[in-house]
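**Q** Please see the structure below; I have some questions.
The values are calculated or read from the model by the stated rules, or taken from the named source; none is laboratory data. In this text, all values refer to a predicted model and were calculated from it rather than measured experimentally. Please note: Cβ atoms are built from the backbone with ideal geometry, for glycine as well, and neighbour counts cover all protein chains shown.
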Amino acid sequence: MKRLPRIEQYGLIGDMQTSAHVCDDGSIDWLCLPRFDSPAPFAALLGTQKHGAWRIAPAAAHAGRAGAVAERRYVGESLVLETVWTTPSGSAKVTDFMPPRDGAPQVIRIVEGTVGEVAMVSTLRARPGYGRVSPWIHELGGRMIAEGGGDALWLDTSTELDEKDGAIVSSFTVAAGDTVAFVLSWGPSHGAAPEIPETEAALAATLAFWEDWAGQCTYNGAHREAFVRSLITLKAMTYAPSGGIVAAPTTSLPEEIGGGRNWDYRYTWLRDASTTLTALLGSGYRQEAEAWRRWLLRAVAGDPENLQIMYGITGKRDLEERELGWLPGYENSVPVRVGNGAANQLQLDVYGYVIETLYLAHLGEVAHCGDTAVLHQRLVEHLAERWQMPDEGIWEVRGERRHFVHSKVMAWVAVDRTIHLVEAGALDADPSALMELREAIHHEVCTRGFDTGRNTFTQSYGSQEVDAALLLIPRVGFLLPDDPRMLGTVEAVRQQLSTPEGFVRRYPIGDDHIGLDGLAGDEGTFLLCSFWMVDALALTGRLDEARALFDRLLALRTDLGLLAEEYDHATGRQLGNFPQAYSHIGVIGSALLLQQLGSRAPATKADVLLAASV
């Protein structure tokens, strides 16, 4: 049985409709087809090889013998993954990619001999339905096909293929200069056979696509490599046909090894998508913002009164949560979940994130259309009626609703940015009523959400806990960074939620805080929150500390520049769904802020807003 890899041993390839996770041992252990949110025919990531995987590696590595060593990298500024295997007899290169889709979804794996001779093995074990269905494997028209339920997986190659123990296996040898290509195509089992691409042309087109897209980036600061890799990762998590953006392309990777904090992130959170678009807008990308604006109009439709915090990638509302009991979970972390019950929660901060993105899109000259203006106005009207309600907050607690300070601050942001758009002539509304509402929210937060005795804002009204989301208060312009209340809050978060390295937890959990979020168990430090600390330090003038923490966070990236949701500082492991849009948003946002601030901290609210919209 294949060794159990760490989360950070996986690379990502994708076609902007779905993606595959390629382990450093040459095995694709996660692939949903035909979309991010479809069932996975390769689900070994959440179980074992018997739940579906496709491995191409030297025969020695397959047999578990020593001597086969792999090194990998992305080719330039692309999502094409290249792995070079070195063995005692020679070396071979495996190039993995998914062409931007024009027809059937395809995974192409090209094996090229570079030195000497290398005996290679390809073992494809398809198990549709998240590893549950054993397919019918047969030959059709000279092509191998694995059919199960509604899925058909076609495998094409020039080498001989055989069925062995429910897998499609090929053993072959490549000498220097030899090339063997494998193409895996998906289609509905009742449909026509997919076309076989010319693999070298597909590779050239895929490289050209990514390098052209990355070349549009306007950031040329000190951290360009990490910045562009994060941009490419975010682009890979967009669903091109609709403009929706997934929070992560995986489900149920645990926030604690062996724990139950395992969630399905293959959907579009308004908050996550909004902050992703903010990062893209700040990097010179406009097309994605326009596509997302159209997605938002379709998803919310004519019903902003029933705004959900998340939707399916095509705008679907019903995301019923269920458990897949036949999967043992990543390192026995159960349950494995698909769907997400948090879709039915009330999270008032999403109004602020959505309207902030519409505001930044306006600054970026992505014009408001009439339908967007109507939606915007109705969202603000509805928020005015609801902002004083308790909610589940940004962290989607599954306990009792509370008056979360972050939720109220983002409600203030929604009203504040609306006022800016009214003053700019982009919206037609009564500015005086909006100003009164903005002042009322601000006053209540500063009165009920601030602990004068400890000089810190609190997680919710009257609570004793702090929350990393409080670090966003100066980032969004609610208070100036040098406000004594903010300085006290930053220090409280550092003392209560930070590790010695400066990595930050979301809020207190564990044995001393059972029931705070309605969930049992622990979790790692939250990478986005750690980037928020970078921002808070930078905004309060502690630029050297901010840069040092930023560098420590960049050092946590994998060899391919990827980040999961969380990091366990005790074991040095990444945790949670992977790669995580939030974490890569943190890389981009902090890099932009550090570049914009240079050697000074902003002194006015206008400076803060500028820093947030670079």
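**Q** Go through region 442-496 and count every residue that is part of a helix (DSSP H, G or I), farther than 23 Å from VAL380 by Cα, of a type outside the set (Asp, Glu) and in contact (Cβ under 8 Å) with a residue 12 or more places away in the chain.
**A** Qualifying residue count, region 442-496: 13.
**Q** Let me ask something else. Hey, can you tell me all the residues within region 30-56 that are part of a strand (DSSP E or B) and either more than 18 Å from the chain's Cα centre (by Cα) or among the aliphatic types (A, V, I, L, M) (or both)? Don't jump to the end; show me each part of the working.
**A** Residues of region 30-56 part of a strand (DSSP E or B): 30-31, 42, 53-56.
Passing the criteria: LEU31, PHE42, ALA53, TRP54, ARG55, ILE56.
**Q** Can you find a residue that is outside any loop (DSSP other than H, G, I, E, B) and within 15 Å of the chain's Cα centre (by Cα) anywhere in region 287-295?
**A** Looking through region 287-295, none of the residues is outside any loop (DSSP other than H, G, I, E, B) and within 15 Å of the chain's Cα centre (by Cα).
**Q** Shifting gears a bit: Just the residues that are within 20 Å of THR372 (Cβ to Cβ), in a helix (DSSP H, G or I) and more than 32 Å from the chain's Cα centre (by Cα), please, taken from region 384-441.
**A** VAL422, GLU423, PRO431, LEU434, listed by residue number.
**Q** When residues of region 131-157 are filtered for being in a loop (DSSP other than H, G, I, E, B) and modelled with pLDDT of 95 or more, how many remain?
**A** Going through region 131-157 one residue at a time, the tally reaches 4.
**Q** Quick one: ALA60 ticks every box in (1) under 21 Å from GLU331 (Cβ atoms); (2) assigned to a helix (DSSP H, G or I) except a single one, so which number is it?
**A** With (1) under 21 Å from GLU331 (Cβ atoms); (2) assigned to a helix (DSSP H, G or I) applied to ALA60, the lone miss is (1).
**Q** Right, something else. Can you confirm whether LEU297 is under 18 Å from TRP269 (Cβ atoms) and touching a residue at least 40 places away in the same chain (Cβ under 8 Å)? Quick ask: steps written out before the conclusion?
**A** Working: under 18 Å from TRP269 (Cβ atoms): yes; touching a residue at least 40 places away in the same chain (Cβ under 8 Å): yes.
The answer is yes for LEU297.
**Q** Looking only at region 107-134, which residues are surrounded by fewer than 24 Cβ atoms within 10 Å (Cβ to Cβ) and closer than 21 Å to PHE36 by Cα?
**A** ILE108, GLY129, TYR130, ARG132, VAL133
**Q** Which of the residues belonging to region 361-386 are within 21 Å of TRP412 (Cβ to Cβ) and among the polar types (S, T, N, Q)?
**A** If the condition is that a residue be within 21 Å of TRP412 (Cβ to Cβ) and among the polar types (S, T, N, Q), then GLN377 is the only one that fits.
**Q** Out of region 200-250, which residues are in a loop (DSSP other than H, G, I, E, B), over 14 Å from ILE588 (Cβ atoms) and of a type in the set (A, V, I, L, M, F, W, C)?
**A** The answer is ALA240, VAL246, ALA247, ALA248.
**Q** If you go through region 139-153 one residue at a time, do you hit one that is without any contact (Cβ under 8 Å) to a residue 24 or more places away in the chain, closer than 21 Å to PRO100 by Cα, in contact with a Phe, Trp or Tyr (Cβ under 9 Å, 6 or more places away or on another chain) and crowded, with 16+ Cβ neighbours inside 10 Å?
**A** Scanning region 139-153 turns up no residue that is without any contact (Cβ under 8 Å) to a residue 24 or more places away in the chain, closer than 21 Å to PRO100 by Cα, in contact with a Phe, Trp or Tyr (Cβ under 9 Å, 6 or more places away or on another chain) and crowded, with 16+ Cβ neighbours inside 10 Å.
**Q** Something else: Just checking, does region 182-199 include any residue being assigned to a strand (DSSP E or B), surrounded by fewer than 20 Cβ atoms within 10 Å (Cβ to Cβ) and of a type in the set (D, E, K, R)?
**A** Taking every residue of region 182-199 in turn, none turns out to be assigned to a strand (DSSP E or B), surrounded by fewer than 20 Cβ atoms within 10 Å (Cβ to Cβ) and of a type in the set (D, E, K, R).
**Q** Among the residues of region 114-130, what is the count of those that are part of a strand (DSSP E or B), within 14 Å of PRO41 (Cβ to Cβ) and aliphatic (A, V, I, L, M)?
**A** Here the count works out to 1.
**Q** Follow-up. Go through region 538-553 and give me each residue that's over 14 Å from LEU592 (Cα atoms) and hydrophobic (A, V, I, L, M, F, W, C).
**A** Answer for region 538-553, where residues must be over 14 Å from LEU592 (Cα atoms) and hydrophobic (A, V, I, L, M, F, W, C): ALA548, LEU549, LEU553.
**Q** Further, regarding this structure: If you check ASP264, ASP272, which single one turns out to be under 21 Å from VAL300 (Cβ atoms) and among the acidic types (Asp, Glu)?
**A** ASP272
**Q** Among the numbered criteria (1) surrounded by 14 or more Cβ atoms within 10 Å (Cβ to Cβ); (2) within 23 Å of TRP30 (Cβ to Cβ), which one does ASP165 miss?
**A** So ASP165 meets the others, but not (1).
**Q** Could you say whether any residue in region 379-388 is within 23 Å of LYS316 (Cβ to Cβ), buried (at least 20 other Cβ atoms within 10 Å of the Cβ) and in contact (Cβ under 8 Å) with a residue 60 or more places away in the chain?
**A** For region 379-388, residues within 23 Å of LYS316 (Cβ to Cβ), buried (at least 20 other Cβ atoms within 10 Å of the Cβ) and in contact (Cβ under 8 Å) with a residue 60 or more places away in the chain: present.
**Q** Condition test on VAL338, is it in contact with a Phe, Trp or Tyr (Cβ under 8 Å, 6 or more places away or on another chain), modelled with pLDDT of 95 or more and either of a type in the set (A, V, I, L, M) or outside the structural domain of GLN17 (by TED's automatic domain parsing) (or both)? Please lay out each step first, then the result.
**A** Values: in contact with a Phe, Trp or Tyr (Cβ under 8 Å, 6 or more places away or on another chain): yes; modelled with pLDDT of 95 or more: yes; either of a type in the set (A, V, I, L, M) or outside the structural domain of GLN17 (by TED's automatic domain parsing) (or both): yes.
Spelling it out, VAL338 is indeed in contact with a Phe, Trp or Tyr (Cβ under 8 Å, 6 or more places away or on another chain), modelled with pLDDT of 95 or more and either of a type in the set (A, V, I, L, M) or outside the structural domain of GLN17 (by TED's automatic domain parsing) (or both).
To keep it simple, each residue is scored yes or no on (1) charged (D, E, K, R); (2) under 22 Å from ILE257 (Cα atoms).
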{"site": "ASP15", "(1), (2)": "yes, no"}
{"site": "ASP25", "(1), (2)": "yes, yes"}
{"site": "SER38", "(1), (2)": "no, no"}
{"site": "LEU79", "(1), (2)": "no, no"}
{"site": "SER89", "(1), (2)": "no, no"}
{"site": "PRO99", "(1), (2)": "no, no"}
